[in-house]
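Comments concern the structure below.
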Amino acid sequence: SSLAESFMILRTNLNYFTLDKNNNSDPKVFFSTSSTKGEGKTFTAINTASVLASNNKKTLLVGCDLRNPQLHNYLDVFKDTVGLSSYLVNRDLKLEDIKLKLKNDLNFDAIISGEIPPNPSELLNNGRLEELLKEAKKQYDYILVDTAPTMLVTDTSTIFEHADIIIYMVRTNFTELKILNHIKELKELKKLNNL
């Protein structure tokens, strides 16, 4: 379909950005984000993970929107399934403890956000997310992180440093044009690298 072709084009473009001078690619972390909710970041994250994995690349999708998670709806799992929020709180949990055993035929692994915590920004910056990504890079070629919108909360802007590439969504007939100034400002302030 034309939609599938669009995501294959995105995969090609991402591969272009991830190769070094010798055409080698270390494990990469991609963030999928947007300015407000409803712009398609979770939809894009899932489909991008799928096309990356279809190239025989081990791919992990991580739900990192701890305030209004949607990934569980797409993956047909319960919202309060053990996920990222539990990992960030409990230092005894490992990557394997929160990785989902998906019932459907998806070709990638996934971690959902889990229960909604009272302090998402603090949890995302307690060092555990960095540990998770470091561990995941040992097992996966690509880690795709579905994050919270940047204009609504500060959660995502405090963890941008962990992304090798940021896929920033805008949606036709939905995203207000004045929001483009917000994206431009983030880039000019160097809060967004490899956008």
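The values are calculated or read from the model by the stated rules, or taken from the named source; none is laboratory data. Every value quoted in this text rests on a predicted model; they were computed, and no experiment measured them. All Cβ positions, glycine included, derive from the backbone under ideal geometry; neighbour counts span all protein chains shown. Accessible surface areas use protein heavy atoms only, side chains included; no ligands, DNA or RNA. Shrake-Rupley method; radii C 1.70, N 1.55, O 1.52, S 1.80 Å.
A few points about this structure:
- Couplings for region 75-86, taken from phi via the Karplus curve 6.51 cos²θ - 1.76 cosθ + 1.60 with θ = phi - 60°, read 8, 6, 10, 5, 4, 8, 4, 4, x, 4, 4, 5 Hz in order; Gly and Pro are left as x.
- Normalised radius of gyration (Cα atoms, divided by 2.2 N^0.38 Å) for the chain: 0.97.
- You can think of it this way: the chain between Leu102 and Asn125 has 5.5 nm of extra reach, that is 0.36 nm per residue less the Cα-Cα gap.
- Å² per residue, accessible surface of the chain at 1.4 Å: 55
- Choice from His72, His182, His162 with maximal GNM fluctuation in the chain (Cα, 10 Å cutoff): His182
- Computed [θ] at 222 nm, helices only, for the chain once each DSSP H run of length n ≥ 4 contributes -39500 (n - 2.57): -10500 deg cm²/dmol
- If the convex hull is drawn through the Cα atoms of region 49-119, its volume per residue in Å³: 85
- Working value for region 1-92: equivalent-ellipsoid semi-axes of 26, 18, 12 Å, each the square root of 5 times a Cα gyration tensor eigenvalue, largest first.
- Portion, in percent, of the accessible area of region 30-146 that falls on carbon or sulfur, probe 1.4 Å: 46
- GNM remark for the chain: springs join alpha carbons under 10 Å apart, and the peak mean-square fluctuation among Thr33, Thr172, Thr158 falls on Thr172.
- Links that overshoot a 21 Å alpha carbon limit, given the list Lys41/Lys94; Lys58/Lys137; Lys94/Lys190; Lys99/Lys137: Lys41/Lys94; Lys94/Lys190
- Taking amide H positions as modeled 1.01 Å from N, with prolines and chain starts lacking one, the residues under 5 Å from Ala110 and 5 or more places away or on another chain are Leu61, Leu100.
- Backbone geometry of region 108-120 corresponds, through the Karplus equation with coefficients 6.51, -1.76 and 1.60 at θ = phi - 60°, to 3J(HN,Hα) couplings of 10, 8, 9, 10, 8, 5, x, 4, 6, x, x, 9, x Hz, x marking Gly and Pro.
- Spin-label proximity, Ile116 to region 52-92 - amide N less than 11 Å from point 7 Å beyond Cα toward beta carbon: 66-70
- Averaged over residues, the count of other Cβ atoms within 10 Å places the peptides 108-114, 42-48 in the sequence 108-114, 42-48, highest first.
- Shape box of region 68-163 [Cα atoms, principal axes, largest first, Å]: 34, 28, 24
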